[in-house]
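Trainee: My questions all concern the structure below.
The values are calculated or read from the model by the stated rules, or taken from the named source; none is laboratory data. None of these values were measured; they are calculated from a predicted model. Don't worry about glycine lacking a Cβ; one is built from the backbone with ideal geometry, like all the others, and counts go over all protein chains shown.
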Amino acid sequence: MNMRKLRAAAAAVLVIATAFASASCAQAKSPLKLSAKKLTLNAGSSKTLSLKGTDKKVKFKITSGKKVVRIKRESNTSVKITALKKGSAKLKATLGKQSFKCSVTVKANTTVTVSVNGAKFTAKLNNSKAAKQFCKMLPLTVTMNELNGNEKYHYFDKEFSGKSKTYPKINPGDLMIFGGDCLVLFYDKITSSPYEYIKIGKLTNAGSLAKTLGRKNVKVKFTR
């Protein structure tokens, strides 16, 4: 083989090797992607937003709606978004010259008055189907039975919509649906529960709830 053919063969090998190397790099490089482009939250709830495909520090910024949401950094690539009040907001995540946008819609909670033994508490219901079904039943007075020294419950003759899930922590004032047809009002915290619930809301002023409810069955009135 003469020198010209050798050079041509070497050039061809180099082109092929470069192509394979480029393809390997392209496959190895993970595309950057925001965990969500749109989010819908209830006022008072939170959600994590992250930029996937990197471990470098990402800059997050609220570009509009600063009174609607707030953000707190959780890691180099994520922030916790907390919904403050009804409205809309826009966020931007920036890494180098690349930027990604997320639109956030915050829905207002439905406020319900919970009356028991002459005391009144305020509950904020979320936007779940079960919460809306419960809201349509108001005004409502039920006898809630005592259980376990931390909750009161009442069974309905109908089932609520929604998917149940476990909660790693349950707080005083949490209003839940158990088994699809049982309303549960917790008055003491539970740090670990194996049971599944549909959360429909929370009492915002539950400080004296345990003392007010006591350890016996009690009548509770829910009104708009």
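Trainee: When Ile200 is evaluated against the numbered criteria (1) in contact with a His (Cβ under 7 Å, 6 or more places away or on another chain); (2) within 28 Å of Thr40 (Cα to Cα); (3) hydrophobic (A, V, I, L, M, F, W, C), which criterion, by number, is the only one it fails?
Mentor: If we test Ile200 against (1) in contact with a His (Cβ under 7 Å, 6 or more places away or on another chain); (2) within 28 Å of Thr40 (Cα to Cα); (3) hydrophobic (A, V, I, L, M, F, W, C), just (1) comes out false.
Trainee: Would it be correct to say that Lys211 is assigned by TED's automatic domain parsing to the domain that holds Leu125, of a type in the set (Lys, Arg) and either closer than 13 Å to Phe121 by Cβ or at pLDDT 95 or above (or both)?
Mentor: Yes, satisfied.
Trainee: Which condition number does Val114 fail, the rest of (1) outside the structural domain of Ile177 (by TED's automatic domain parsing); (2) under 27 Å from Lys202 (Cα atoms); (3) assigned to a strand (DSSP E or B); (4) out of contact with any Ser or Thr (no Cβ under 7 Å at 6 or more places or on another chain) being met?
Mentor: Status for Val114: all satisfied but (1).
Trainee: Another question about this same structure. I'm checking my understanding of the structure. Among residues of segment 37-64 that are touching a residue at least 40 places away in the same chain (Cβ under 8 Å) and over 17 Å from Gln98 (Cβ atoms), which one is surrounded by the fewest Cβ atoms within 10 Å (Cβ to Cβ)?
Mentor: Lys38
Trainee: Here is a follow-up. Contact list please: Cβ distance under 7 Å, first residue in segment 130-144 and touching a residue at least 60 places away in the same chain (Cβ under 8 Å), second residue exposed (fewer than 13 other Cβ atoms within 10 Å of the Cβ) and among the basic types (Lys, Arg), pairs at least six apart or on different chains.
Mentor: That search, which allows pairs on different chains as well, returns Leu138/Arg224; Thr141/Lys219; Thr143/Lys219.
Trainee: Determine if segment 156-165 includes at least one residue that is of a type in the set (Asp, Glu) and buried (at least 16 other Cβ atoms within 10 Å of the Cβ).
Mentor: No - not one qualifying residue is present in segment 156-165.
Trainee: Pick from segment 176-195 the residues that are assigned to a loop (DSSP other than H, G, I, E, B) and in contact (Cβ under 8 Å) with a residue 24 or more places away in the chain: which of them is surrounded by the most Cβ atoms within 10 Å (Cβ to Cβ)?
Mentor: Result: Tyr187.
Trainee: Could you tell me whether Thr122 is out of contact with any Asp or Glu (no Cβ under 9 Å at 6 or more places or on another chain), touching a residue at least 40 places away in the same chain (Cβ under 8 Å), among the hydroxyl-bearing types (Ser, Thr, Tyr) and surrounded by 13 or more Cβ atoms within 10 Å (Cβ to Cβ)?
Mentor: Answer is yes for this residue.
Trainee: Report the residue count in segment 168-207 for those that are among the polar types (S, T, N, Q) and at pLDDT 95 or above.
Mentor: Total satisfying the criteria: 1.
Trainee: Return the total of residues in segment 40-55 being assigned to a strand (DSSP E or B), under 25 Å from Ala123 (Cα atoms) and of a type in the set (A, V, I, L, M).
Mentor: Of the residues in segment 40-55, 1 are assigned to a strand (DSSP E or B), under 25 Å from Ala123 (Cα atoms) and of a type in the set (A, V, I, L, M).
Trainee: Still on this structure: Quick one: Thr141 ticks every box in (1) surrounded by 13 or more Cβ atoms within 10 Å (Cβ to Cβ); (2) out of contact with any Phe, Trp or Tyr (no Cβ under 7 Å at 6 or more places or on another chain) bar one, so which box is it?
Mentor: (1)
Trainee: Continuing with this model, one more query. Among (1) of a type outside the set (Val, Ile, Thr); (2) modelled with pLDDT under 95; (3) surrounded by 13 or more Cβ atoms within 10 Å (Cβ to Cβ), there is one condition Lys136 misses while meeting the rest; what is its number?
Mentor: Condition not satisfied by Lys136: (3).
Trainee: Being charged (D, E, K, R) and either part of a loop (DSSP other than H, G, I, E, B) or touching a helix residue (DSSP H, G or I) at 6+ places or on another chain (Cβ under 6 Å) (or both) is the filter here; which residues of segment 153-168 pass it?
Mentor: Once the filter is applied, which keeps residues that are charged (D, E, K, R) and either part of a loop (DSSP other than H, G, I, E, B) or touching a helix residue (DSSP H, G or I) at 6+ places or on another chain (Cβ under 6 Å) (or both), segment 153-168 yields Asp157, Lys158, Glu159, Lys163.
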